[in-house]
Amino acid sequence: MSEYQTILCEKHDKVGVVKLNRPQALNALNSTLLQELMDALEAFDSEPAVGALVITGSERAFAAGADIKEMADASALEMFQRDMVGQFDRIRRVRKPLIAAVSGWCLGGGFELAMSCDMIVASENARFGQPEITIGVIPGAGGTQRLTRAVGKALAMEMILNNRTLTAQEALQHGLVNHVVPTEEVLSMALRIAAEIAARAPLAVRLAKEAINFADESFLSNGLLHERRMFYFLFTSDDQKEGMRAFLEKRAPNWQGK
Ligand code: CO8
(Lines give C-alpha, C1' and ligand atoms only; values in the text may rest on other atoms or scores of the structure.)
Protein backbone atom coordinates (compact mmCIF):
# COMPACT_ATOMS: atom_id res chain seq x y z
CA MET A 1 0.00 0.00 0.00
CA SER A 2 3.06 2.24 0.09
CA GLU A 3 2.40 3.52 -3.45
CA TYR A 4 -0.05 6.18 -2.22
CA GLN A 5 1.07 9.81 -2.43
CA THR A 6 -1.55 11.57 -0.32
CA ILE A 7 -2.57 9.07 2.34
CA LEU A 8 -0.88 6.65 4.74
CA CYS A 9 -2.37 3.26 5.50
CA GLU A 10 -1.72 0.89 8.35
CA LYS A 11 -3.39 -2.01 10.06
CA HIS A 12 -3.91 -2.27 13.81
CA ASP A 13 -4.84 -5.90 14.27
CA LYS A 14 -8.37 -6.07 12.75
CA VAL A 15 -8.70 -2.34 12.11
CA GLY A 16 -7.63 -0.63 8.88
CA VAL A 17 -6.48 2.97 9.33
CA VAL A 18 -6.23 5.60 6.60
CA LYS A 19 -4.50 8.87 7.45
CA LEU A 20 -5.00 11.84 5.14
CA ASN A 21 -1.56 13.22 4.44
CA ARG A 22 -1.40 16.56 2.61
CA PRO A 23 -0.25 18.68 5.55
CA GLN A 24 0.86 21.59 3.33
CA ALA A 25 -2.78 22.06 2.23
CA LEU A 26 -4.49 21.12 5.52
CA ASN A 27 -5.46 17.81 3.90
CA ALA A 28 -7.56 19.55 1.24
CA LEU A 29 -9.27 16.89 -0.83
CA ASN A 30 -7.84 16.93 -4.36
CA SER A 31 -8.62 14.33 -7.03
CA THR A 32 -5.60 12.20 -6.16
CA LEU A 33 -6.40 12.12 -2.46
CA LEU A 34 -10.04 11.25 -3.04
CA GLN A 35 -9.11 8.50 -5.48
CA GLU A 36 -6.46 7.07 -3.16
CA LEU A 37 -8.70 7.30 -0.10
CA MET A 38 -11.52 5.44 -1.78
CA ASP A 39 -9.11 2.83 -3.24
CA ALA A 40 -7.69 2.23 0.25
CA LEU A 41 -11.11 1.99 1.89
CA GLU A 42 -12.28 -0.49 -0.72
CA ALA A 43 -9.09 -2.55 -0.30
CA PHE A 44 -9.63 -2.76 3.47
CA ASP A 45 -13.32 -3.44 2.94
CA SER A 46 -12.53 -6.51 0.87
CA GLU A 47 -9.86 -7.83 3.25
CA PRO A 48 -11.48 -10.57 5.37
CA ALA A 49 -9.12 -10.01 8.32
CA VAL A 50 -10.24 -6.39 8.67
CA GLY A 51 -13.43 -5.74 10.64
CA ALA A 52 -13.65 -1.93 10.89
CA LEU A 53 -11.99 1.17 9.45
CA VAL A 54 -10.76 4.48 10.82
CA ILE A 55 -10.10 7.65 8.79
CA THR A 56 -8.02 10.35 10.41
CA GLY A 57 -6.06 13.49 9.56
CA SER A 58 -3.50 15.58 11.41
CA GLU A 59 -3.78 17.45 14.68
CA ARG A 60 -4.29 20.72 12.76
CA ALA A 61 -6.79 19.47 10.21
CA PHE A 62 -8.91 16.45 9.48
CA ALA A 63 -9.50 18.14 6.09
CA ALA A 64 -10.12 21.79 5.23
CA GLY A 65 -12.45 20.98 2.34
CA ALA A 66 -12.16 20.24 -1.33
CA ASP A 67 -8.96 21.59 -2.90
CA ILE A 68 -9.81 25.16 -3.92
CA LYS A 69 -6.69 25.45 -6.09
CA GLU A 70 -7.79 22.51 -8.16
CA MET A 71 -11.35 23.84 -8.62
CA ALA A 72 -10.87 27.60 -8.89
CA ASP A 73 -10.66 27.86 -12.69
CA ALA A 74 -12.80 24.87 -13.60
CA SER A 75 -15.90 25.25 -15.76
CA ALA A 76 -19.15 23.56 -14.81
CA LEU A 77 -18.57 21.07 -17.61
CA GLU A 78 -15.09 20.23 -16.34
CA MET A 79 -16.41 19.79 -12.80
CA PHE A 80 -19.19 17.56 -14.08
CA GLN A 81 -16.74 15.48 -16.13
CA ARG A 82 -14.17 15.19 -13.31
CA ASP A 83 -17.01 14.29 -10.95
CA MET A 84 -14.92 14.36 -7.80
CA VAL A 85 -18.11 14.19 -5.81
CA GLY A 86 -18.83 10.85 -7.48
CA GLN A 87 -15.95 9.47 -5.38
CA PHE A 88 -18.19 9.94 -2.36
CA ASP A 89 -20.55 7.33 -3.78
CA ARG A 90 -17.76 4.83 -3.19
CA ILE A 91 -17.59 5.51 0.54
CA ARG A 92 -21.33 4.92 0.78
CA ARG A 93 -20.77 1.41 -0.55
CA VAL A 94 -18.17 0.46 2.10
CA ARG A 95 -19.79 -2.33 4.10
CA LYS A 96 -17.59 -2.31 7.18
CA PRO A 97 -18.07 0.30 9.91
CA LEU A 98 -16.13 3.51 9.35
CA ILE A 99 -15.08 5.82 12.16
CA ALA A 100 -13.71 9.32 11.58
CA ALA A 101 -11.13 10.46 14.15
CA VAL A 102 -11.28 14.24 13.78
CA SER A 103 -8.86 16.87 15.08
CA GLY A 104 -8.61 20.50 13.99
CA TRP A 105 -10.38 21.85 10.91
CA CYS A 106 -13.15 19.70 9.54
CA LEU A 107 -14.63 21.91 6.84
CA GLY A 108 -16.55 21.73 3.59
CA GLY A 109 -15.82 18.47 1.76
CA GLY A 110 -13.79 17.38 4.82
CA PHE A 111 -16.87 17.71 7.01
CA GLU A 112 -18.92 15.93 4.35
CA LEU A 113 -16.34 13.14 4.41
CA ALA A 114 -16.60 12.86 8.21
CA MET A 115 -20.41 12.84 7.99
CA SER A 116 -20.17 10.05 5.40
CA CYS A 117 -18.56 7.89 8.08
CA ASP A 118 -20.68 5.91 10.52
CA MET A 119 -19.36 7.56 13.68
CA ILE A 120 -17.19 10.53 14.57
CA VAL A 121 -14.76 10.77 17.48
CA ALA A 122 -13.70 14.39 17.86
CA SER A 123 -10.83 15.97 19.68
CA GLU A 124 -11.41 19.05 21.83
CA ASN A 125 -9.79 21.25 19.17
CA ALA A 126 -12.03 20.04 16.31
CA ARG A 127 -14.03 22.67 14.39
CA PHE A 128 -16.85 21.69 12.06
CA GLY A 129 -18.27 23.89 9.31
CA GLN A 130 -19.53 24.29 5.75
CA PRO A 131 -17.79 27.49 4.59
CA GLU A 132 -18.55 27.04 0.85
CA ILE A 133 -20.77 30.16 0.88
CA THR A 134 -17.66 32.25 1.57
CA ILE A 135 -16.16 31.17 -1.76
CA GLY A 136 -19.34 31.48 -3.81
CA VAL A 137 -20.61 27.90 -3.89
CA ILE A 138 -22.59 25.46 -1.74
CA PRO A 139 -21.75 22.07 -0.25
CA GLY A 140 -21.58 19.44 -2.99
CA ALA A 141 -20.92 16.11 -1.33
CA GLY A 142 -23.96 15.73 0.88
CA GLY A 143 -23.57 18.65 3.31
CA THR A 144 -26.98 20.21 2.75
CA GLN A 145 -28.61 16.82 3.20
CA ARG A 146 -26.61 15.08 5.93
CA LEU A 147 -26.10 18.15 8.09
CA THR A 148 -29.80 19.01 7.99
CA ARG A 149 -30.69 15.47 9.00
CA ALA A 150 -28.13 15.53 11.80
CA VAL A 151 -28.71 18.94 13.38
CA GLY A 152 -32.10 20.10 12.05
CA LYS A 153 -33.03 22.84 9.63
CA ALA A 154 -32.37 25.97 11.70
CA LEU A 155 -28.78 25.20 12.61
CA ALA A 156 -28.02 23.75 9.17
CA MET A 157 -29.27 27.00 7.63
CA GLU A 158 -27.04 29.07 9.90
CA MET A 159 -23.99 26.92 9.23
CA ILE A 160 -24.45 26.76 5.46
CA LEU A 161 -25.81 30.26 4.79
CA ASN A 162 -23.69 32.11 7.32
CA ASN A 163 -20.60 29.95 7.87
CA ARG A 164 -21.27 29.25 11.53
CA THR A 165 -18.75 26.70 12.75
CA LEU A 166 -19.31 24.31 15.64
CA THR A 167 -16.89 23.46 18.40
CA ALA A 168 -16.47 19.81 19.27
CA GLN A 169 -18.69 20.25 22.32
CA GLU A 170 -21.43 21.89 20.23
CA ALA A 171 -21.16 19.08 17.70
CA LEU A 172 -21.60 16.60 20.56
CA GLN A 173 -24.68 18.44 21.87
CA HIS A 174 -26.25 18.32 18.41
CA GLY A 175 -25.62 14.62 17.93
CA LEU A 176 -23.07 15.03 15.15
CA VAL A 177 -20.26 13.29 17.00
CA ASN A 178 -20.11 10.34 19.37
CA HIS A 179 -17.34 11.42 21.73
CA VAL A 180 -15.12 14.40 22.48
CA VAL A 181 -11.71 13.55 23.90
CA PRO A 182 -8.37 15.30 24.44
CA THR A 183 -6.52 15.71 21.14
CA GLU A 184 -3.81 13.19 21.96
CA GLU A 185 -6.47 10.51 22.60
CA VAL A 186 -8.64 10.91 19.52
CA LEU A 187 -7.02 8.21 17.41
CA SER A 188 -6.70 5.72 20.27
CA MET A 189 -10.37 6.22 21.19
CA ALA A 190 -11.47 5.67 17.57
CA LEU A 191 -9.22 2.62 17.34
CA ARG A 192 -10.65 1.19 20.56
CA ILE A 193 -14.24 1.50 19.34
CA ALA A 194 -13.28 0.12 15.93
CA ALA A 195 -11.47 -2.85 17.53
CA GLU A 196 -14.49 -3.64 19.73
CA ILE A 197 -16.80 -3.62 16.71
CA ALA A 198 -14.29 -5.64 14.67
CA ALA A 199 -14.45 -8.35 17.35
CA ARG A 200 -18.24 -8.68 17.01
CA ALA A 201 -20.24 -10.97 14.69
CA PRO A 202 -19.24 -9.73 11.22
CA LEU A 203 -22.48 -10.55 9.42
CA ALA A 204 -24.64 -8.96 12.11
CA VAL A 205 -22.43 -5.85 12.11
CA ARG A 206 -22.72 -5.58 8.35
CA LEU A 207 -26.49 -5.99 8.29
CA ALA A 208 -26.98 -3.64 11.25
CA LYS A 209 -25.00 -0.92 9.46
CA GLU A 210 -27.02 -1.51 6.32
CA ALA A 211 -30.33 -1.29 8.21
CA ILE A 212 -29.39 1.91 10.07
CA ASN A 213 -28.31 3.52 6.81
CA PHE A 214 -31.59 2.49 5.27
CA ALA A 215 -33.42 4.37 8.03
CA ASP A 216 -31.16 7.37 7.58
CA GLU A 217 -31.01 7.46 3.80
CA SER A 218 -34.40 6.47 2.50
CA PHE A 219 -34.96 9.83 0.85
CA LEU A 220 -31.31 10.88 0.60
CA SER A 221 -30.68 9.94 -3.03
CA ASN A 222 -32.92 12.62 -4.49
CA GLY A 223 -31.45 15.26 -2.22
CA LEU A 224 -27.89 14.28 -3.08
CA LEU A 225 -28.56 14.43 -6.80
CA HIS A 226 -30.20 17.83 -6.54
CA GLU A 227 -27.34 19.20 -4.42
CA ARG A 228 -24.70 17.87 -6.83
CA ARG A 229 -26.35 19.51 -9.83
CA MET A 230 -26.55 22.85 -8.04
CA PHE A 231 -22.92 22.58 -6.91
CA TYR A 232 -21.67 22.00 -10.46
CA PHE A 233 -24.05 24.67 -11.82
CA LEU A 234 -22.38 27.28 -9.59
CA PHE A 235 -19.19 26.84 -11.62
CA THR A 236 -20.97 28.78 -14.39
CA SER A 237 -21.01 31.86 -12.13
CA ASP A 238 -18.50 34.71 -11.90
CA ASP A 239 -18.90 34.65 -8.14
CA GLN A 240 -17.47 31.12 -7.90
CA LYS A 241 -14.35 32.26 -9.79
CA GLU A 242 -14.13 35.41 -7.71
CA GLY A 243 -14.67 33.61 -4.39
CA MET A 244 -12.03 30.96 -5.01
CA ARG A 245 -9.51 33.41 -6.49
CA ALA A 246 -10.00 35.75 -3.55
CA PHE A 247 -9.23 32.88 -1.18
CA LEU A 248 -6.04 31.96 -3.06
CA GLU A 249 -4.98 35.61 -3.27
CA LYS A 250 -5.74 36.06 0.44
CA ARG A 251 -8.19 38.98 -0.04
CA ALA A 252 -11.90 39.64 0.52
CA PRO A 253 -14.19 38.59 -2.38
CA ASN A 254 -16.12 41.16 -4.41
CA TRP A 255 -19.50 39.53 -5.10
CA GLN A 256 -21.42 40.46 -8.29
CA GLY A 257 -24.40 38.16 -7.96
CA LYS A 258 -23.83 36.60 -11.37
N1 CO8 B 1 -8.00 24.06 -0.65
C2 CO8 B 1 -6.74 24.32 -1.02
N3 CO8 B 1 -5.81 24.78 -0.16
C4 CO8 B 1 -6.19 24.99 1.10
C5 CO8 B 1 -7.49 24.75 1.55
C6 CO8 B 1 -8.43 24.25 0.61
N7 CO8 B 1 -9.69 23.94 0.95
N8 CO8 B 1 -7.57 25.06 2.87
C9 CO8 B 1 -6.35 25.47 3.21
N10 CO8 B 1 -5.52 25.42 2.16
C11 CO8 B 1 -4.10 25.79 2.12
C12 CO8 B 1 -3.94 27.30 2.14
O13 CO8 B 1 -4.11 27.85 0.85
C14 CO8 B 1 -2.54 27.43 2.67
O15 CO8 B 1 -1.65 27.18 1.62
P16 CO8 B 1 -0.41 28.21 1.33
O17 CO8 B 1 0.44 28.08 2.58
O18 CO8 B 1 0.21 27.66 0.11
O19 CO8 B 1 -1.02 29.58 1.20
C20 CO8 B 1 -2.41 26.25 3.65
O21 CO8 B 1 -3.45 25.33 3.29
C22 CO8 B 1 -2.65 26.65 5.10
O23 CO8 B 1 -3.89 27.35 5.17
P24 CO8 B 1 -4.04 28.79 5.85
O25 CO8 B 1 -2.76 29.55 5.72
O26 CO8 B 1 -5.27 29.41 5.28
O27 CO8 B 1 -4.25 28.34 7.37
P28 CO8 B 1 -5.04 29.13 8.52
O29 CO8 B 1 -4.73 28.39 9.77
O30 CO8 B 1 -4.76 30.59 8.44
O31 CO8 B 1 -6.59 28.93 8.15
C32 CO8 B 1 -8.51 27.68 7.48
C33 CO8 B 1 -7.16 27.65 8.21
C34 CO8 B 1 -9.51 28.53 8.27
C35 CO8 B 1 -9.01 26.23 7.43
C36 CO8 B 1 -8.34 28.26 6.04
O37 CO8 B 1 -7.27 27.60 5.40
C38 CO8 B 1 -9.54 28.14 5.16
O39 CO8 B 1 -10.48 28.90 5.30
N40 CO8 B 1 -9.51 27.14 4.23
C41 CO8 B 1 -10.56 26.99 3.25
C42 CO8 B 1 -11.79 26.36 3.88
C43 CO8 B 1 -12.87 26.21 2.84
O44 CO8 B 1 -13.36 27.18 2.27
N45 CO8 B 1 -13.27 24.94 2.60
C46 CO8 B 1 -14.32 24.64 1.66
C47 CO8 B 1 -13.72 24.33 0.31
S48 CO8 B 1 -14.95 24.06 -0.92
C49 CO8 B 1 -15.54 22.53 -0.57
O50 CO8 B 1 -15.11 21.84 0.30
C51 CO8 B 1 -16.67 22.09 -1.44
C52 CO8 B 1 -16.96 20.62 -1.26
C53 CO8 B 1 -17.64 20.10 -2.47
C54 CO8 B 1 -17.71 18.63 -2.62
C55 CO8 B 1 -16.46 17.86 -2.33
C56 CO8 B 1 -15.64 17.58 -3.55
C57 CO8 B 1 -14.38 16.84 -3.23
Exercise for review: Give me the pairs, please: first residue somewhere in segment 143-156 and more than 18 Å from Ile212 (Cβ to Cβ) and among the small types (Gly, Ala, Ser), second residue anywhere and in a helix (DSSP H, G or I) and open to solvent by 30 Å² or more (accessible area, probe 1.4 Å), beta-carbon distance under 6 Å, and either six or more positions apart or on two chains.
Suggested key: Ala156/Thr148
Practice item. Would you point out the residue of segment 80-121, among those that are without any contact (Cβ under 8 Å) to a residue 40 or more places away in the chain and small (Gly, Ala, Ser), that is farthest from Ile197 (Cα to Cα)? Key: Gly86
Practice item. Answer yes if at least one residue in segment 22-40 is over 14 Å from the mean Cα position of the chain (by Cα) and either part of a strand (DSSP E or B) or buried (at least 24 other Cβ atoms within 10 Å of the Cβ) (or both), and no otherwise. Key: no
Check your understanding: Quick one: in segment 52-108, which of the residues that are within 11 Å of the ligand (Cβ to nearest atom) and out of contact with any helix residue (DSSP H, G or I) (no Cβ under 8 Å at 6 or more places or on another chain) is nearest to Leu225 (Cα to Cα)?
Key -> Gly86
Check your understanding: Given the structure, is Arg228 within 16 Å of the ligand (Cβ to nearest atom) and either outside any loop (DSSP other than H, G, I, E, B) or in contact with a Phe, Trp or Tyr (Cβ under 6 Å, 6 or more places away or on another chain) (or both)?
Key -> yes
Practice item. Select from segment 183-233 the residues that are under 28 Å from Trp105 (Cα atoms), open to solvent by less than 40 Å² (accessible area, probe 1.4 Å), of a type outside the set (D, E, K, R) and in contact with a helix residue (DSSP H, G or I) (Cβ under 8 Å, 6 or more places away or on another chain) and list them in ascending order. Key: Ile197, Leu220, Gly223, Leu224, Phe231, Tyr232
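The values are calculated or read from the model by the stated rules, or taken from the named source; none is laboratory data. None of these values were measured; they are calculated from a predicted model. Because the Cβ atoms are built from the backbone with ideal geometry, glycine has one as well, and the counts that use them run over all protein chains shown. With ligands, DNA and RNA removed, areas are computed over all heavy atoms of the protein, side chains included. Shrake-Rupley method; radii C 1.70, N 1.55, O 1.52, S 1.80 Å.
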